[in-house]
Amino acid sequence: MNGQTSHQQSKDGRHDDDAALTEFLASLMDYTPTIPDELVEHYLAKSGFQCPDIRLTRLVAVATQKFIADVATDALQQCKARQSAVVKDKRDKQQKDKRLILTMDDLSKALREYGVNVKHQEYFADCPSAGLDSASREE
Amino acid sequence: MSDGDGRDSLKFLGERENQQWKRKKKKLGADEFAQAIARIAVAQVCEGLGFQSFHQSALDSLADVGVRYIREIGKTACSYANLANRSQCNVFDVIQGLEDLGSIQGFSGASDVSHSLSGSGVVKDLIRYVGQAEEIPFAYLTPVFPVVKQRTLDPSFAQAGESPPDEHIPSWLPKFPEPESYATLSLRNEKDLETEVVNKTQLVEEQHRKVERPLLNFQQKLICNGSEAGVVVEQGDAAKAQRAAESNPFLAPPLQYGEKEVALPVLPPKLLDDPADYHNSCVVTDTNLLTLEPSLRPRETERSAPCEPEDRRNILLNGRPSLQFKFGNGKKSLRMVTSPRNESIEKVSLWFGDDHDGKDKTNRKAEKILWENTEYPPEVSHL
């Protein structure tokens, strides 16, 4: 008897989940994701994804938007943390550095949490001896 | 969007490199349009979160990561669909793909192996995100891309209302191009055609020596086809072809069978009596002739390349001297053989190290002079 009730409950739960999913997919048609449908369709077609249903494309678009938003939020937090650390030293800088800039440093730190390892070149030199020996350069 | 510290790196680049870099920028890849749109979309998302500016490289990286995310979802969803024996993807395939990608960060209910997909934590996160995030529509109207160009195919024989020139060509195949359209092309490829013709003339001369008829007939057919191609070239520029033929005999059209009298090789009687202990000469029977001559002829022609073509013709066509080949087991045996056979040899193959009589004597003399002063002259032969 107990098993039957729990089975019944799980069935209801699954039913709720299915309903929620269906509702969500329907609501997707109202919500326009920032990433355009054509772009998502192009890249999905490139990887072999075949589905004429536009709701699935919207689902993928929303999922990607959420992913980008998460990464950007982490990068923003990194940026703010760095600024607040700097501000502790000098109060003047807080007035200047109100601008939040997405830098490679913050992005690579944020992406590392998601398993993406991005390493950025610190500088580019035009000849092999650049930056090697400052004494010889002065001459 | 403005570049912060990133622009400083460009100071190191010289002017020349800058121009090259600009030139490189103009070369657009196949995916440039899609990547540009992705960059704009990602920039809009970041702006909505509170970022005021970006580094160009950071934006590019994030857009690239976003594109890869889309492709990864597509790949995993497709593989799950194929696993379930389907070719079209399902919402559950997509959810499973999202779960796979979200397993790095983790989502609620990930550890529950037997959970239903519709109640997955990923879906719940998405619903929550859609509920709370503000809607930022894309800034531009994007057309459907990539645009597939309408190709105008060449008309087939049936479509043009023509009948194919030969029986073996079906009528649904596209038409042959007009001869005028490729006559000019043939001039540019003249060098390739020349080498082809040269090879064919050499082949013909070789096979004229043989006695086998079937091969000859086949070759004749090849020549006919070759001369047809040659005729097409000449139609394009007859004077040039003629001039070329006059100067270079290898560019002349190949000889037809029976046009020129060719003497069969004369076998010296001595060779037929040879015990063939130390050397096997190839010109004993007709069959041997056939097997070894083709290997000989190209090499011979290659070796005597510096000679004038007329001389070669004389050597090959009119009363050729017979050739002997010595295949010895060891160098010493070869040496022993050459001395008694010196009188009967008319021409000896050079690439086994055997020299003519005169050369032998001079070499031995030179050796003698060299080793005069030494106590122990070398015992081994000069070979």
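The values are calculated or read from the model by the stated rules, or taken from the named source; none is laboratory data. As the structure is a prediction and not an experimental result, all values here were calculated from the model. All Cβ positions, glycine included, derive from the backbone under ideal geometry; neighbour counts span all protein chains shown.
Quick notes
- The listed residue being away from chain A (no Cβ under 14 Å), without any contact (Cβ under 8 Å) to a residue 12 or more places away in the chain and surrounded by fewer than 15 Cβ atoms within 10 Å (Cβ to Cβ), out of B:Glu135, B:Glu162, B:Glu180: B:Glu180
- Selection status of B:His168, at pLDDT 85 or above, over 24 Å from A:Ala61 (Cα atoms) and not in a helix (DSSP H, G or I): yes
- Test: residue in segment B:22-36 that is buried (at least 16 other Cβ atoms within 10 Å of the Cβ), within 9 Å of chain A (Cβ to nearest Cβ), over 36 Å from the mean Cα position of the chain (by Cα) and at pLDDT 65 or above: no
- Scanning segment A:38-67 for residues that are in a helix (DSSP H, G or I), touching a Ser or Thr at 6+ places or on another chain (Cβ under 9 Å) and free of Cβ contacts under 8 Å to residues at least 24 places away in the same chain yields a total of 4.
- All positions within segment B:99-121 that are touching an Asp or Glu at 6+ places or on another chain (Cβ under 9 Å) and of a type in the set (A, V, I, L, M): B:Leu101, B:Ile104, B:Ala110, B:Leu117
- Selection over segment B:71-124 of residues that are in a helix (DSSP H, G or I) and within 7 Å of another protein chain (Cβ to nearest Cβ) gives a count of 10.
- Any chance A:Lys93 is surrounded by 10 or more Cβ atoms within 10 Å (Cβ to Cβ), in a helix (DSSP H, G or I) and at pLDDT below 70: yes
- Which listed residue, of B:Ala77, B:Ala84, B:Ala38, B:Ala63, is more than 18 Å from A:Thr64 (Cβ to Cβ) and of a type in the set (A, V, I, L, M, F, W, C): B:Ala84
- Some residue of segment B:42-52 being at the interface with another protein chain (Cβ under 7 Å from one of its Cβ atoms) and on the phi > 0 side of the Ramachandran plot: yes
- Top-ranked residue of segment B:62-98 - restricted to ones that are among the small types (Gly, Ala, Ser) and buried (at least 24 other Cβ atoms within 10 Å of the Cβ), ranked as nearest to the chain's Cα centre (by Cα): B:Gly74
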